[in-house]
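**Q** Dropping a structure here in structure tokens format, bear with me for questions.
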Amino acid sequence: MIVLAAARAAPPPTYQRVAVIAIAVLVVIVVVELVRRRRLMERYALLWLAAATILFVLAVWQGLLTTLSSEVGIRSPPNALFAVGFAFVVVLLLSLSLVISRLTEQNKQLAQRVALLADRLKQLEQERSET
Amino acid sequence: MSRHLAIVPALNEAGSIAQTVTEIHQHAAGFDVLVVDDGSVDDTAAIAAAAGARVISLPFNVGIGGAVQCGYLYARDNGYEVAVQVDGDGQHDARDIPRLLAALGEEPAVEMITGSRFLTDQGGYRSSPLRRAGIRVFAALISLLTHQRVTDATSGFRMSTRRGIELFARDYPHDYPEVEAILLLHAHRLRSREIAVTMRPRTSGRSTIARAVPAYYMVKVLLAVFVGILRARPSIEAEEPPR
């Protein structure tokens, strides 16, 4: 049964907001540090930073979170925050699967090319040593 | 150099590869033999080379689809007119290669001939009952999708013309490729048909299907088949025949 939200749900308790803000800030720091050390490429860092930024904004801007959650019928605003976080995790995982698929295909093509080139090289060396 | 190539994908087939190569030389003398060593950890490559095959060694295991495609790339780049896939494990009888070639020559419109275990009741090795049931499911499905009778959709014993070689060099399925390759050919409006062959139980190594959980094999190939239907039709080249 779908229960529509009460007119105006209560804002999330402060300690939960603080926790979410802390996590978002931590993610940003870790991601930026990994990029700085060249362990994480910028293109893969973007999704993480976007996730952290949006969670941060939602945790700080209470009005937005409350409006948003009552719009979609989530009675407790913290749950909306978790839902957004979860959605980002799903998107991140799917994007990783895409990356792996592309790498697998490229890897296969490289292996084939290397094998064929090695064969040609051997052939050429043989021809050369014969003449 | 001949214009006919036998592509033999092999993964740890040290026990049977020499015999496979020798038999092809013996019974299909017009064929060059290319063994594609898919990252074997035994002496497959050295034994195959000693037996007189050309050997291409992939730097690591890329899977049967990638190995076979590597053979087609070689065939394409070296101008071969006909390529036949022969498993390195001794299942495929080289004596059938001239028959495949004759069948391919009979009908110029046909671009691929598959050796089928199930076309007639000629006996020979036909896999376990459970596997046969799975093979039958694919045969029925592929027959339905391609509007032609396919009895052995999982047979890897196939011979293609230049047009088939060029297609497979460009695009070949990754793992468990046999079923998908038939559909790929069909999507490009190339015709294929089967002739009856007798297969033998493998003499060494393990089936790529045995390595996978059979249920996984079924599900993966079914997914590939159904997504393949939804996929936009591949660009048809100008010289490909109209449907």
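The values are calculated or read from the model by the stated rules, or taken from the named source; none is laboratory data. In this text the structure is predicted, and so the values were computed from the model without any measurement. Every residue, glycine among them, receives a Cβ derived from its backbone with ideal geometry; neighbour counts consider all protein chains shown.
**Q** State the number of residues belonging to the stretch A:23-71 that are among the small types (Gly, Ala, Ser), closer than 17 Å to residue A:88 by Cβ and loosely packed, with under 14 Cβ neighbours inside 10 Å.
**A** Number satisfying all stated conditions: 1.
**Q** Somewhere in the stretch B:207-224, is a residue in contact with a Pro (Cβ under 8 Å, 6 or more places away or on another chain) and either under 26 Å from residue A:110 (Cβ atoms) or modelled with pLDDT of 85 or more (or both)?
**A** Yes, some residue in the stretch B:207-224 is in contact with a Pro (Cβ under 8 Å, 6 or more places away or on another chain) and either under 26 Å from residue A:110 (Cβ atoms) or modelled with pLDDT of 85 or more (or both).
**Q** Residue under question is residue A:102, and the condition is that it be at the interface with another protein chain (Cβ under 9 Å from one of its Cβ atoms) and either in contact with a Gly (Cβ under 7 Å, 6 or more places away or on another chain) or within 24 Å of residue B:67 (Cβ to Cβ) (or both); does it hold? Explain how you work it out, then say what you get.
**A** On the way: at the interface with another protein chain (Cβ under 9 Å from one of its Cβ atoms): no; either in contact with a Gly (Cβ under 7 Å, 6 or more places away or on another chain) or within 24 Å of residue B:67 (Cβ to Cβ) (or both): yes.
Spelling it out, it is not the case that residue A:102 is at the interface with another protein chain (Cβ under 9 Å from one of its Cβ atoms) and either in contact with a Gly (Cβ under 7 Å, 6 or more places away or on another chain) or within 24 Å of residue B:67 (Cβ to Cβ) (or both).
**Q** So for the stretch A:76-86 (the condition being within 30 Å of residue B:175 (Cβ to Cβ) and in a helix (DSSP H, G or I)), does at least one residue qualify? Lay out the reasoning, then the answer.
**A** The initial filter retains those residues of the stretch A:76-86 that are within 30 Å of residue B:175 (Cβ to Cβ), namely none.
Looking for residues that are within 30 Å of residue B:175 (Cβ to Cβ) and in a helix (DSSP H, G or I), one finds none in the stretch A:76-86, hence no.
**Q** Right, something else. Taking the stretch B:16-38, which residues are within 14 Å of chain A (Cβ to nearest Cβ) and in a loop (DSSP other than H, G, I, E, B)?
**A** Here is the first cut: in the stretch B:16-38, the residues within 14 Å of chain A (Cβ to nearest Cβ) are B:32-38.
Scanning the stretch B:16-38 gives a single hit, B:38.
**Q** Shifting gears a bit: Inspect all residues belonging to the stretch A:87-94 and state whether any of them is over 24 Å from residue B:62 (Cα atoms), in contact (Cβ under 8 Å) with a residue 40 or more places away in the chain, in a helix (DSSP H, G or I) and not aliphatic (A, V, I, L, M).
**A** Yes.
**Q** Taking residue B:41 as the residue in question, decide whether it is under 26 Å from residue A:105 (Cα atoms), assigned to a loop (DSSP other than H, G, I, E, B) and more than 14 Å from chain A (Cβ to nearest Cβ).
**A** Numbers: under 26 Å from residue A:105 (Cα atoms): yes; assigned to a loop (DSSP other than H, G, I, E, B): yes; more than 14 Å from chain A (Cβ to nearest Cβ): yes.
The answer is yes for residue B:41.
**Q** Shifting gears a bit: For the stretch B:78-92, give me each residue that is farther than 20 Å from residue B:10 by Cα and among the small types (Gly, Ala, Ser).
**A** Result: B:79, single match.
**Q** Let me ask something additional. Is it the case that residue B:63 is on the phi > 0 side of the Ramachandran plot, of a type outside the set (Ser, Thr, Tyr) and touching an Asp or Glu at 6+ places or on another chain (Cβ under 9 Å)? Show your work before the answer.
**A** Details: on the phi > 0 side of the Ramachandran plot: yes; of a type outside the set (Ser, Thr, Tyr): yes; touching an Asp or Glu at 6+ places or on another chain (Cβ under 9 Å): yes.
So residue B:63 fits the description; yes.
**Q** OK, next. Looking for something within 17 Å of residue B:4 (Cβ to Cβ), crowded, with 24+ Cβ neighbours inside 10 Å, within 14 Å of another protein chain (Cβ to nearest Cβ) and among the small types (Gly, Ala, Ser) - is there at least one such residue anywhere in the stretch B:83-97?
**A** no
**Q** Provide a single number: the residues in the stretch A:56-75 that are over 18 Å from residue A:17 (Cβ atoms) and assigned to a helix (DSSP H, G or I). Break it down into steps so the answer makes sense when it comes.
**A** As a first pass, look at the stretch A:56-75 and keep what is over 18 Å from residue A:17 (Cβ atoms): A:71-73.
Those still in the list that are assigned to a helix (DSSP H, G or I) too: A:71-72.
Residues meeting the conditions: 2.
**Q** Among the residues of the stretch B:44-59, count how many are away from chain A (no Cβ under 13 Å) and either among the polar types (S, T, N, Q) or over 21 Å from residue B:73 (Cα atoms) (or both).
**A** 5
**Q** Cβ-Cβ below 8 Å, separation at least six or inter-chain, first residue in the stretch A:107-127 and at the interface with another protein chain (Cβ under 10 Å from one of its Cβ atoms) and closer than 18 Å to residue B:75 by Cβ, second surrounded by 12 or more Cβ atoms within 10 Å (Cβ to Cβ) and among the small types (Gly, Ala, Ser): which pairs?
**A** A:108/B:63; A:108/B:66; A:111/B:66; A:112/B:66; A:115/B:57; A:118/B:57
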